[in-house]
Each structure stands twice: as C-alpha cells, then as structure tokens.
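Data first, discussion second: the structure below is written as structure tokens.
The values are calculated or read from the model by the stated rules, or taken from the named source; none is laboratory data. Just so you know, these numbers come straight off a predicted model, no measurement behind them. With ideal geometry, Cβ positions are generated from the backbone for all residues, glycine too; neighbour counts draw on all protein chains shown. What goes into the accessible areas is simple: the full protein's heavy atoms, side chains included, and nothing from ligands, DNA or RNA. Shrake-Rupley method; radii C 1.70, N 1.55, O 1.52, S 1.80 Å.
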Amino acid sequence: MTTDYAARRARIAPHLGLTDEILLVGAGTPIPKPEISDALLPFIAHQEYYYLTGHAEATGGIIAYDPKSGWTSFVPEVTEMDRVWEGKEQLPGELLGKFPAWLAARKGRKVVGLGAPVAGVMPDEKRTAAVREAYKHARRPKEPVEIDLMKRCAAAAAAGYAKIQPLLKPGVSERTLQIELEAEFFRHGAQTTGYDSIVGVGAQSAVFHGSPSPDRKAKDGDFILIDAGPQTDRYVIDVTRTYVAGKPSAFQRDFAQAVLGAQVRACERCRPGAEWKDLHLATAVDMLGSLVAMGVMKGNPASLVEQEAHTLFFPHGLGHMLGLGVRDAGGLEPGRTKDPRPSLRTLRMDLILRPGYIVTVEPGLYFIPAILNDPARRAKYRDAVNWPLAEQMLGLGGVRFEDNILVTDGAPVNLTAAIPKGI
C-alpha cells in the first residue's frame, strides 16, 4: 500500500479555510554541526511538509497552494556533486529556482506559512496560527495507508521486546538492553528509532527521559522500565513495558498491578466521543484507589484527585496522539483553550476521540524523590499520604505500561497487543 500524496493534498485543502491567501509549507534546511567543519546534522524534513509530499530529503523544498490554481511543489535541483557524494536523484516537481517568479506573480496577497520558515517571506501570524490548527485537526484521523504502516512498525516493536526477554535478569545493563532491542527493531524493518530509547533500572525507572547507561546494572528485585519504539517512513510506535529483575516483592506486584489494571481499563475506554481529559482523570482515580488499598495514600480516591494529590505519584499525562512522529497532531479541540488546572499542565491533548485517531495510553506510578521530598507538597498533602511508607520506597523507581490504541467505530484496536504486559 502506497500513499497517494496528490489525493491527500486534495482532501486537506478544503479544511484549511483559505480564500485569497496563499499557503507555503517549507521543508527546512540542514543545520551545521556545532563545530568547525563542513558536516551537517542529519536532515529531517518538517513534519507538516513531509505529510503533503512524502519527500524526506528535499532540503529547502516548498509545497505551495493557491486556492485559485492548486498545489505546486518546488524541489531542490540535484547537482552532480549530490549524485556523486550522496547518490541523490531528482525529485518530481518544479525546481526551486522557479519559486521567486511564482511568488512575485501573487504579490500583495496574504501569505500563510506552515512547516519551516521560507527565507524572505513574512507570513501573516494570525492566519498562520488559525490555518495550522485547522491543518493539524484535519490530519488527526489516520488514513488506511498510515494505519497499515504503523501496524508494520508495531510488528518490529514486538520483535524487539521479544528479543530482550531472556536478558531481563540481575546483572544486565541498561545499555545491553538498548542494543539488543534496537538491533531487533532494525532487523524487522525499522529505519531508526522513533525517539531516544529510555531504559531505567532500579531508581532510574522513575526518570521519565533517562538515557541508558552501560554502568547501571539491574540488581535482584529491581524494576526495569523500557520505553522504546521503532520508526518506519517517519511513522512511530511508542511502547513502554516494566519488568522486574528476579523475583518481585508483594508490594511490587501490587504496585505494578495498580498501573496495569488502570491502563487496560483506560485502553478499553478509547472510543468515539470520549473526552481525553476525562479518561486521564478517571485513570488517576483508578490508580489512587489501588494506592489507598495498599496503604500508600489515605482518603477517597476521587477527592484526592480533585485535590490534585495524584500528581505526587502520577505527574504526567495519560498519553498523546501518535503517528507521523512520536507526538503527532496533539493539542486542543478546535475552539478550546488550555485548561488552567496545574494538574493538567502536562496533558498533551484535550481532544474528543474520533475514529482513526491513534493515541498512546501510558499511565504510571512512581516514587520520585524530587517530588516526594518537596517541603511544600509534604505540607499540602500531609494527611493524604502515608509518608513513612513513601519514604521507605523512595529508591524503588516506577512503573509504566504503554500501548498504542487505534480508535474505531466500535471497539478500540490495540496495535501493540502482541507485546506482553506484566512483571
């Protein structure tokens, strides 16, 4: 299955609300490495450009839209040096040298600028912001070709997580797990990883974006948290699993089950019409119910969430949109403004779920010293937490389970269901 970019552009155009304005979507240009050399950082075409063209290496490329004449793609001219040194081939479209004349013929008309900025062009900021939101909303439902690509990517993810299962023992290093996981992604079709792989053992499992280290090795009874996923044709799968090196304690089993049970129930609620913010808060109540039952927290779970006490142990959002990039087309439902509640500042989307949306569902519970040792929080929630027990568990780390859910007209489809969950 291949992407019909012309059909995609034709579908997107009516959603942009353009009348007399012209639209310019830039691919961007390479960035030099921060040193005295002629080397460049790997070029990544802007997501908003790539979605409309599929051109990953069109440095300086521009896709332009005039409501009166349609779409025109301007692409860089491939030189002999490009062919010799990089093996590039000429992309279809008009050469970039023709763009100035195209733009001059439309002098005096308002410009909307998406993607990377186009040199020498000053777009209208207000219209650009409005069109960007309309564009983002229009591409939230995934096309069949996108879903197929993500299913293939999910298969590579499943292969990677299967590969590391025999290694999840005391003595394994974070780096060893990273190497074996990523290598298996590549063996099964991934072109790169979707983001920097996160592997944390012991207390490091409570560091959200921790980098794997060859020096940190799992000890008997340590949590091992892995958040990693492959990327294929710019589309990403984003998975988290938590394991235990050796035999888990009774507390660890209950703690992990508090997250896993809530995560499974949240996945099942990903149906058309569901409010993401409501799912987030319901999942927080669900997990706090378990923490109260375990003696970690005290009080009524719903009341604790209203007081924002859940942020002591669940300080991030339930998940985010996924697809073309690890956080694809998130944000707000059209017409909404950001919810001002402090507990929702890390929630990456405030949307109504619709068929075709792909979301991550990734609740977690953690013992994070930077949060739990904060005097202001301790004072505010002195009656909500069993502080002696929380202090005892400060080195335990955390637990997160994450799946990628496709919203359909009926039951949600778990794209990452082939990757087993549980410690």
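Values for this structure:
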{"quantity": "Inter-site label distance for W85 and D278 at 7 Å from Cα along Cβ, in nm", "calculated": "5.7"}
{"quantity": "Computed lengthening from D196 to T29, 0.36 nm per intervening residue step minus Cα-Cα distance", "calculated": "57.9 nm"}
{"quantity": "GNM flexibility winner over the chain from A105, A138, A302 (Cα, springs under 10 Å)", "calculated": "A105"}
{"quantity": "Bridge type composition, the chain - antiparallel percent by DSSP, nearest 5", "calculated": "80"}
{"quantity": "Residues whose placed amide H lies under 5 Å from that of D222, excluding near-sequence neighbours", "calculated": "A245"}
{"quantity": "Extension reserve of the E125-A370 stretch, reckoned as 0.36 nm per residue once the Cα distance is removed", "calculated": "84.3 nm"}
{"quantity": "Among D238, D286, D20: highest mean-square fluctuation, GNM of the chain, C-alpha pairs under 10 Å", "calculated": "D20"}
{"quantity": "Amide H contacts of L332 (H built 1.01 Å from N, under 5 Å, at least 5 apart or other chain)", "calculated": "D350"}
{"quantity": "Projected label distance in nm at T337 and V207, using a 7 Å step from Cα toward the beta-carbon", "calculated": "3.9"}
{"quantity": "Helical mean residue ellipticity (222 nm; -39500 (n - 2.57) per DSSP H run of 4+; nearest 500) of the chain", "calculated": "-9500 deg cm²/dmol"}
{"quantity": "A134/E180 FRET efficiency (R0 51 Å; Cβ-Cβ; nearest 0.05)", "calculated": "0.70"}
{"quantity": "Per residue accessible area in Å² of the chain, where ligands, DNA and RNA are left out and the probe is 1.4 Å", "calculated": "45"}
{"quantity": "Hypothetical label at R109: residues of region 26-51 whose amide nitrogen lies under 19 Å (7 Å Cα-Cβ projection)", "calculated": "26"}
{"quantity": "Gain upon complete extension [D148, K247; 0.36 nm per residue less C-alpha separation]", "calculated": "31.8 nm"}
{"quantity": "Vicinal HN-Hα couplings computed from phi for region 104-117 (Karplus, 6.51 cos²θ - 1.76 cosθ + 1.60; Hz; Gly/Pro x)", "calculated": "4, 5, 10, 4, x, 8, 5, 10, 10, x, 10, x, 7, x"}
{"quantity": "Over region 236-295 - Rg/Rh using Cα atoms and the Kirkwood inverse-distance radius", "calculated": "1.04"}
{"quantity": "Proximal charge balance of P76 [Cβ under 10 Å; K/R count +1, D/E count -1]", "calculated": "-2"}
{"quantity": "(1) 1.01; (2) 0.97; (3) 0.94, with the label sought being that of the calculated Rg/Rh (Cα atoms, Kirkwood Rh)", "calculated": "(1)"}
{"quantity": "Of all accessible heavy-atom area on the chain, the percent that carbon and sulfur account for (1.4 Å)", "calculated": "56"}
